[in-house]
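The values are calculated or read from the model by the stated rules, or taken from the named source; none is laboratory data. Since this is a predicted model, take the numbers as computed values, not measurements. Ideal geometry is used to build each Cβ from the backbone, glycine not excepted, and the neighbour counts take in all protein chains shown. Ligands, DNA and RNA are excluded from the accessible area calculation, which covers all protein heavy atoms including side chains. Shrake-Rupley method; radii C 1.70, N 1.55, O 1.52, S 1.80 Å.
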Amino acid sequence: MTELLHKTAAELGRLIAAREVSAVEVTQAHLDRIAEVEPKVNAFLHVDPETTLAQARAVDERIAGGERLGPLAGVPVAHKDVFTTTDMPTTAGSKILEGWRPPYDATVTSRLREAGLVILGKTNLDEFAMGSSTENSAYGPTRNPWDLSRIPGGSSGGSSAAVAAYEAPLSTGTDTGGSIRQPAAVTGIVGMKPTYGGSSRYGLIAFASSLDTPGPFARNVLDAALLHEAFSGHDVMDSTSIHAHVPPVVEAARQADIAGLRVGVVKEFGGEGYQPGVLARFHEAVELLESLGAKVVEVSCPSFGYALPAYYLIAPSECSSNLARFDAMRYGLRVGDDGTRSAEEVMSMTRAAGFGPEVKRRIMLGTYALSSGYYDAYYGQAQKVRTLISRDFDAAFHQVDVLVSPTTPTTAFPIGERADDPMAMYLADLCTIPTNLAGNAAISVPCGLADEDGLPVGLQIMAPVLGDDRCYRVGAAVEKALEDRWGGSLLTKAPALEGLGYQHG
Ligand code: GLN
């Protein structure tokens, strides 16, 4: 195993820019690591060393030619398979898109390329990003590097597992209801949901368009900030993209000072249904914030309790409309087209064969919620709850600079445990969903291991709209204090990584 795997993305970027190591060498080290652990982890749906090494060679040539690229030039990144890529297939974890080659790159993809990042491959996910465990992928589940019998979170579970297993220093994800923060929490890494509209949805296969938000995964806060900055910012191709500068996330991650910061603990999150070890680490993190000079108060957000039911009306409603485009005519799979059947029959057979059970459940839920006669009672009510949640955040951010909570009520659960119980699965996103409904920013950073099972716990830090830098500032302060205490990152405490051939440096 090579030393290069130990390094942070920021260090790799510096070494590559200084030509002390080449992008090709760094890429090859990660491709070797992928080949070594993928049979066990299954984080990737597509890896193509030729294409990837060609990208790395091109970056090395640009640097050799004297071009000054960004701080992550030459650094490999694993890319969630829900962003379109012209040089790799894009499936969204669904059979309905098997083998599809998109005709254009997503904005996030093209910005990664422009910044000189090297795309290692496409990562596994719950079908169309619907799920919290990656078990809903049509291509088999991804396994958590901390314990291969457990889930790596979802929907961006391939991206979280790839980073936690040292297959990639960085990865991309999307967060519609928690799909970056929850997988980051349960794999012991950093995951950030930017402000809605701060990162482009162009070329992101749509799930729920008013919620979908691309964001970064990394093994430390600064690396996450660097990736965030690399692909964010206004995009004319996305009508909901914000006309504003990217908040100073990198500067904030370097600052890591929270003296005098006002921190609110969300009163509604905690108690029954939460794993004791999760709550214990969360309360210690709150004490840590206080010891670092923050002023901590309890804040009530009374509408947060209605966020989950509101989300499970709004997200399926939008998905039922977005997924109507998979009609057997324009993309991917076509079933039963033998010349005897009508277009409607072919469409129906294709959708029946191409979509998995969770996707069908969401489409039916959403179609019902939007149907005439029920629209006001379901979709309309849910939108009102959404407004109340935004008001709770507004009131809270009058009192405090950031809000904190556990990222998710439990640690990584065993594969299969919640697969037949959608409600239990949905509860994994209890604490993350309010932020999606209100569109503000939130990060998850590791805050320790639960006593019961020795598995990672995440601290969620929520900030106002366009206050993304605050998430990084607080996250970096927590990380610095905890890593001093632990003598390294939380991943150095993952015994299972040794079983995956990884030796900490
Ligand atoms: N787990 C949630 C869901 O199933 C969130 C998914 C996401 O953020 N993409 O909808």
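With all pairs of different C-alpha atoms in the average, the Kirkwood value for the hydrodynamic radius of the chain is 22.4 Å.
Across region 184-319 the C-alpha pair distances fall into 5 Å bins from zero in the proportions 2, 9, 12, 15, 19, 20, 15, 7, 2, 0 percent. Once the chain from D87 to M364 is taken as fully extended at 0.36 nm per residue, the excess over their C-alpha distance is 96.3 nm. Shown for the chain are the DSSP H helices of 24 Å or more along their axis, judged by Cα atoms, with a mean Kyte-Doolittle hydropathy of at least -1.0: 23-41, 381-399, 468-486. Model label points for M329 and L148, set 7 angstrom from Cα along the Cα-to-Cβ axis, are 4.7 nm apart. Measuring nothing but how far apart in sequence close Cα pairs (under 8 Å, 6+ apart) lie, relative to its length, region 201-353 scores a relative contact order of 23 percent.
The translational diffusion coefficient of region 1-148, from Stokes-Einstein at 10 °C and 1.306 mPa s with a Kirkwood hydrodynamic radius over alpha carbon pairs, comes to 100 µm²/s. Extending 7 Å from Cα along the Cβ direction at E11 and again at K267 yields two label points whose distance is 4.6 nm. DSSP beta bridges fully contained in the chain are about 65 percent antiparallel. Taking Cβ atoms as reference points and 13 Å as the exclusive limit, the residues near L449 contribute a net charge of -2, counting Lys and Arg as +1 and Asp and Glu as -1. Helical runs (DSSP H, four residues minimum) scored at -39500 (n - 2.57) apiece and divided by the length of the chain put the mean residue ellipticity at 222 nm at -12000 deg cm²/dmol. Its Cα gyration tensor gives region 334-488 an equivalent ellipsoid; the semi-axes, largest first and in whole Å, are 39, 24, 14.
Heavy-atom surface analysis with a 1.4 Å probe gives the chain a carbon and sulfur content of 52 percent of its accessible area.
Legend: residues S210, S405, sorted from most to least accessible area (1.4 Å probe; ligands, DNA and RNA excluded), read S210, S405.
Using a simple spin-label model with pseudo-atoms 7 Å out from Cα toward Cβ, A352 and A35 lie 4.4 nm apart. Note on H234 and A54: the extension gain reaches 61.9 nm, defined as 0.36 nm multiplied by sequence separation minus the Cα-Cα distance.
Under 5 Å between amide hydrogens, built in the peptide plane, is the criterion, and for L45 it picks out K122, T123, N124 among residues at least 5 positions away or on other chains.
For R150, the residues whose modelled amide H falls within less than 5 Å of its own, excluding neighbours fewer than 5 places apart on the same chain, are N144, I415. Each Cα pair under 8 Å and six or more residues apart adds its separation to the average, and for the chain the resulting relative contact order is 18 percent. Once the Cβ-Cβ distance of D257 and H283 is raised to the sixth power relative to R0 = 30 Å, the FRET efficiency obtained is 0.85.
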